[in-house]
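What follows is a short report on a single structure.
A short reminder: the numbers here are calculations on the coordinates, not readings from a lab. What you see is a predicted model; the values in this text were computed from it and never measured. A quick note on method: Cβ atoms are made from the backbone with ideal geometry, for glycine too, and the neighbour counts reach across all protein chains shown.
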Amino acid sequence: MKPTIRIGIIGMGGFASAHHHTIALLEDKHHVRLVCTCDPRADIFAGEQQTWRFAARGVRVFHDYRAMLEACHGELDLVIIPTPIQLHAEMHAAVTALGVPTYLEKPPTLDYAELERMIAADARARKASHVGFNFIVEKPRLALKQRLLDGEFGAIRGATLASLWPRPASYFARNDWAGRLLMDDRVVLDSCFGNAMAHFVHNLLFWTGGPELFTWAHIAAVRAELYRAHAIEGADTFFVEADTAAGITMRFALSHACSGAGSQCETVLCEKAVLRYTVGSSFEIRWADGRVEKTALDPFDALLENHLEYFRYLRGEISRPATTLADSRPFVVLNDLAHVSSGRISTIPASLVSPVRDEREQKDYLSVANITTVQENFLNRGEWPGEHGWGRVPGEVATPADLPRFHDVVRAMAGR
């Protein structure tokens with residue numbers, strides 16, 4: 001029988017509840033045992049504790065993660081950290097100082113300098129931590145990436161990400177860090193690019209990385225225009241163009257300022273074919289000679305599969321986690337340089353923004369006129385919205401040499 005992985009979870013509310021649900025399912029199948037959990041408001045989760053059968057499972061509950069670690073770290077193989085972005089680094093440092101690895105929710109941080117400190121701290125743990133970018137472990141994705149590396153589709157010419165995820169006004173009021181750039185002078189940068197749709201941004205870097213399977217593209221230069229339609233501190237709409245060190249140009253067009261059904265599509269443009277991958281749906285290969293391959297994707301429980309994959313690593317069955325902290329460097333650098341390049345967050349002209357009431361949901365949205373067309377023009381033709389009706393000049397070219405300017409740029413964006 002495989003050894004049982006002993007787990008602690010920091011938090012009960014927000015996305016931590018999804019981890020609790022998944023770990024309870026895996027405990028029923030004897031993969032794991034939840035030893036302990038904590039939340040500063042643990043008492044208000046009495047109903048959840050009953051649903052998750054904490055008493056019957058012998059789960060110890062604490063109000064502070066430091067007290068939990070002090071009491072239980074000797075029993076733990078892993079601590080899950082699904083807390084707000086700005087808390088990740090200090091919690092990761094506390095756990096790894098005790099030699100315990102972490103399952104760290106994405107993004108690990110959105111501060112390039114803090115990421116380097118976290119990478120150094122991770123070396124103290126018995127095993128490397130896993131960052132929860134959900135879709136890297138999809139088997140069809142891995143098989144398709146291997147075909148890319150084998151040269152079946154020819155050289156990669158470019159890659160694009162189009163994503164529209166409608167978010168109502170209430171989304172930005174759900175907690176005190178939603179849509180924020182800074183909190184107490186700590187970098188947050190919560191946005192569609194850095195948080196909600198970060199999985200897909202990370203995926204595009206994965207497609208364009210080589211020469212081995214678990215590699216991500218390194219960023220050489222970034223140009224960006226950042227916008228907001230909602231009354232928030234950060235950006236809700238991103239247009240980003242990035243060149244990789246290998247000379248591949250990627251374009252990203254993402255927004256929360258929309259209504260109706262959400263969508264996302266990852267596209268890889270190759271010498272012999274165009275690959276389109278839509279999480280939760282299918283992937284398509286359109287060959288230059290006219291052939292078309294379309295494959296439906298099987299149902300995929302991203303959180304459960306990520307945990308199972310990480311457990312295999314912790315047991316020594318595979319050599320590495322799906323995404324390590326070091327693997328997250330390209331994503332964090334790309335996000336930071338997008339802010340440096342844009343220099344400011346521009347308000348989308350009011351004439352282009354309309355309120356939309358969803359009567360079924362009883363929620364209010366803001367929707368930008370022709371947002372899909374604007375995205376397509378940027379992704380396919382490189383037409384920046386700022387020069388085509390959105391009223392701003394394009395961002396400057398930013399390179400990794402500009403990263404030391406990042407903190408000053410973000411403070412200026414936040415009016416600090």
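Ordered by residue, what ³J(HN,Hα) values in Hz, to whole numbers, does segment 292-307 give under the Karplus form 6.51 cos²θ - 1.76 cosθ + 1.60, where θ = phi - 60° and Gly and Pro are x?
Residue by residue, segment 292-307 yields 9, 10, 10, 10, 6, 8, 5, x, 9, 8, 4, 5, 4, 5, 5, 4 Hz.
Report, in whole Å, the centroid distance computed from the Cα atoms of segment 1-48 and segment 133-155.
Here the answer is 32 Å between Cα centres.
Around Phe62, what is the net charge, scoring Lys/Arg as +1 and Asp/Glu as -1 over all other residues with Cβ under 10 Å from its Cβ?
Around Phe62, the surrounding residues sum to -1.
Just round it to a whole percent: the fraction of Cα-Cα distances in segment 163-217 exceeding 18 Å. Working shown, then result.
Working: 720 of 1485 pairs.
Counting every Cα pair in segment 163-217, those more than 18 Å apart make up 48 percent.
With the crude spin-label approximation of a point 7 Å out along Cα→Cβ, what separation in nm comes out for Glu70 versus Ala56?
Modelled inter-label distance: 3.3 nm.
How do Arg312, Arg186, Arg291 line up, fewest other C-beta atoms within 10 Å first? Display every interim value, and only then the final one.
On the way: Arg312 13, Arg186 16, Arg291 9.
Fewest to most other Cβ atoms nearby, the residues stand as Arg291, Arg312, Arg186.
Once the Cα atoms of helix 112-122 and of the chain are each reduced to a long axis, what angle between those two axes, in degrees from 0 to 90 to the nearest 10, is obtained?
30 degrees
Sum up the charges of everything whose Cβ sits under 11 Å from the Cβ of Ala93, counting Lys and Arg as +1 and Asp and Glu as -1, but leave Ala93 out.
Details: positive: Arg117, Arg124; negative: Glu90, Glu114, Asp122.
Taking every other residue near Ala93 into account, the sum is -1.
So, in Å, what gap is there between the alpha-carbon centers of segment 241-308 and segment 175-209?
The distance from the Cα centre of segment 241-308 to that of segment 175-209 comes to 19 Å.
Counting only residues 5 or more places away or on other chains, whose amide H sits under 5 Å from the amide H of Arg228 once H atoms are built in the peptide plane?
Residues meeting the amide H criterion: Asp236, Ser346, Thr347, Ile348.
In the calculated pair distance distribution of segment 228-381, what percentage of Cα-Cα distances lie above 18 Å?
Roughly 73 percent, once rounded to a whole number.
Before anything else, pin down the relative contact order of the chain: Cα pairs under 8 Å, at least 6 apart, normalised by residue count, whole percent.
16 percent
From the phi angles alone, apply the Karplus equation (6.51, -1.76, 1.60; θ = phi - 60°) to segment 89-96 and give each ³J(HN,Hα) in whole Hz, x where the residue is Gly or Pro.
Running phi through 6.51 cos²θ - 1.76 cosθ + 1.60 with θ = phi - 60° gives 4, 5, 6, 4, 4, 5, 6, 5 Hz.
In debye, nearest 20, what is the charge dipole magnitude of the chain about its Cα centre with +1 on Lys and Arg Cβ and -1 on Asp and Glu Cβ, if you could check?
500 debye
First select every other residue whose beta carbon is under 12 angstrom from the beta carbon of Gly210; then total the charges, Lys and Arg +1, Asp and Glu -1.
Taking every Cβ under 12 Å from that of Gly210, the sum is -1.
For Ser367, what residues show an amide H to amide H distance below 5 Å, using hydrogens built from the backbone and excluding near sequence neighbours?
The list, which skips near neighbours in sequence, is Ser354, Val356.
Based on the alpha-carbon gyration tensor of segment 103-164, what equivalent-ellipsoid semi-axes (square roots of 5 times the eigenvalues) come out, in whole Å, largest first?
Values: eigenvalues 172, 50, 34 Å².
Largest first, segment 103-164 gives 29, 16, 13 Å.
Report Rg/Rh for the chain, rounded to two decimals, where Rg is the Cα radius of gyration and Rh the Kirkwood radius.
0.96
Hey, what angle do you get for helix 16-28 against the long axis of the chain, alpha-carbon based, 0 to 90 degrees rounded to 10?
50 degrees
Helix 139-149 sits at what angle to the longest principal axis of the chain, using alpha carbons and giving 0 to 90 degrees rounded to 10?
For helix 139-149, the angle is close to 50 degrees.
Could you run the Karplus curve 6.51 cos²θ - 1.76 cosθ + 1.60 with θ = phi - 60° over segment 150-160 and give me ³J(HN,Hα) per residue in whole Hz, x for Gly and Pro?
Result, ordered by residue: 6, x, 4, 9, x, 5, 6, 9, x, 7, 9 Hz.
Given 4 °C and 1.567 mPa s, how large is the Stokes-Einstein diffusion coefficient of segment 5-132 in µm²/s, with Rh as the Kirkwood radius over Cα pairs?
Using the Kirkwood radius from Cα pairs, D works out to 89 µm²/s.
Residues with amide H under 5 Å of Gly158's amide H, sequence separation 5 or more or different chain, H placed in the peptide plane at 1.01 Å from N; which?
Distant-sequence amide H within range of Gly158: Leu269.
Ranking Ile10, Ile318, Ile85 by Cβ neighbours within 10 Å, fewest first, what do you get?
Ile318, Ile85, Ile10
How big is the antiparallel share of DSSP beta bridges in the chain, given as a percent to the nearest 5?
In the chain, DSSP labels about 65 percent of beta bridges as antiparallel.
Cut-off is 10 Å between beta-carbons; in what order do Tyr103, Tyr112 appear when sorted fewest neighbours first?
Tyr112, Tyr103
With springs only between Cα atoms under 10 Å, which of Val95, Val222, Val32 fluctuates most in a Gaussian network model of the chain?
Fluctuation is largest for Val32.
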